[in-house]
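Structure first, then comments.
The values are calculated or read from the model by the stated rules, or taken from the named source; none is laboratory data. Every value quoted in this text rests on a predicted model; they were computed, and no experiment measured them. Cβ placement follows ideal geometry from the backbone for every residue including glycine, while neighbour counts extend to all protein chains displayed. The protein model used for the area step is the full one, side chains on, heavy atoms only, and it has no ligands, DNA or RNA in it. Shrake-Rupley method; radii C 1.70, N 1.55, O 1.52, S 1.80 Å.
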Amino acid sequence: MSRTETSAETSPRDQAGTTLHATQPQRVNTHHHGRATARSGRALRPKESSHSSRWRWLTPVLAGSAAALGAAVLYNRQKTRAAERRTPSIGRFLNVDGVRLHYIERGAGEPIVLIHGNGTMIQDFTVSGLVDRLASRYRVIVIDRPGYGYSSRPRQLWTPRAHAKLFQRALKQLGVEQAVVLGHSWGTLVAVALALEYPALVRSLVLASGYYYPTLRADTFLFSPPAVPVIGDAMRHTISPLVARAILPGLIKQMFAPAEVPERFERLFPKEMMLRPSQLRAA
């Protein structure tokens, strides 16, 4: 009986002792866990603030960039309007396959067609005096290539053959069955394509300062971005006209080198027309 009483008396104490020992580590762990959490909380706050401050500059940069691009668009639009006011269209218009072509016609006699190069327009031939001299003997026809001057440029791949097809139909509308064709610079590619595709149309072929063999040219990469869809559309209305305006004097000097830029060209050629977004895309 004493054994039973001892067992009964000691059992609650053992249970209490066991409970006490079991609960004490939990309290200690909870205490340490709370301190650890507090420490981790204190440690995280500076990191979070550092992370947010690292990106705090992004908002003003984006806002400033958007404002600068918006200002560039307005500036280029104003410059384009001013250029077209100073240099209105000097000829008439034809609608050929959805393309509105601007052209001039001077003189009488055997037809001669002048095809201008890259970046220029009808004025390349009028300012030089070539049209006036030829008009004394020929019926002179000069057409702004698609995208240049006042001719439109629908989105498509404007290869020399595409130009040739357009020009043949334009000349047909003008009643030209046979003509002497002069191509200058990039226009020589169009003149050659016209002779190859429509040999009955081209009576004689005159090629001036043309491209006759494939050549690796650095300016191809320089001038191509404004023609890229979407990205190029944004560029040609914002930064491309500004860059082109800065480098244009050097490019003109290089075109005439080693000779000096003619005073007549410098004074009369409408250079601002070359800097319009539409013409940069065509070039």
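Is there any pair with a first residue in segment 161-179 that is over 13 Å from residue 110 (Cα atoms) and a second that is surrounded by 20 or more Cβ atoms within 10 Å (Cβ to Cβ) and basic (Lys, Arg) whose Cβ atoms are under 8 Å apart and which are 6 or more apart or on different chains, and what are they?
Filtered contacts from segment 161-179: 163/145.
Given the structure, is residue 181 open to solvent by less than 20 Å² (accessible area, probe 1.4 Å), in a loop (DSSP other than H, G, I, E, B) and farther than 30 Å from residue 73 by Cβ?
Here the answer is no, as residue 181 does not meet what is asked.
Please find, within segment 235-272, the residue that is surrounded by the most Cβ atoms within 10 Å (Cβ to Cβ) out of those that are in contact with a Pro (Cβ under 7 Å, 6 or more places away or on another chain) and touching a residue at least 40 places away in the same chain (Cβ under 8 Å).
Looking at the filtered set, the residue picked out is 241.
Could you list all residues from segment 83-92 that are closer than 21 Å to residue 267 by Cβ and open to solvent by 20 Å² or more (accessible area, probe 1.4 Å)?
Passing the criteria: 84, 85, 86, 87, 88, 89, 90.
Go through (1) outside any strand (DSSP E or B); (2) more than 30 Å from residue 242 (Cα to Cα); (3) out of contact with any helix residue (DSSP H, G or I) (no Cβ under 6 Å at 6 or more places or on another chain); (4) open to solvent by less than 50 Å² (accessible area, probe 1.4 Å) for residue 196 and report which single condition fails.
Single failed check for residue 196: (4).
With segment 93-178 as the region, which helices (runs of 4 or more DSSP H) entirely inside it contain at least 3 residues that are open to solvent by less than 10 Å² (accessible area, probe 1.4 Å) and either on the phi > 0 side of the Ramachandran plot or of a type outside the set (D, E, K, R) (or both)?
So the answer is 160-173.
Take the residues of segment 203-234 that are open to solvent by less than 70 Å² (accessible area, probe 1.4 Å) and either in a strand (DSSP E or B) or acidic (Asp, Glu) (or both): which is nearest to residue 177 (Cα to Cα)?
204
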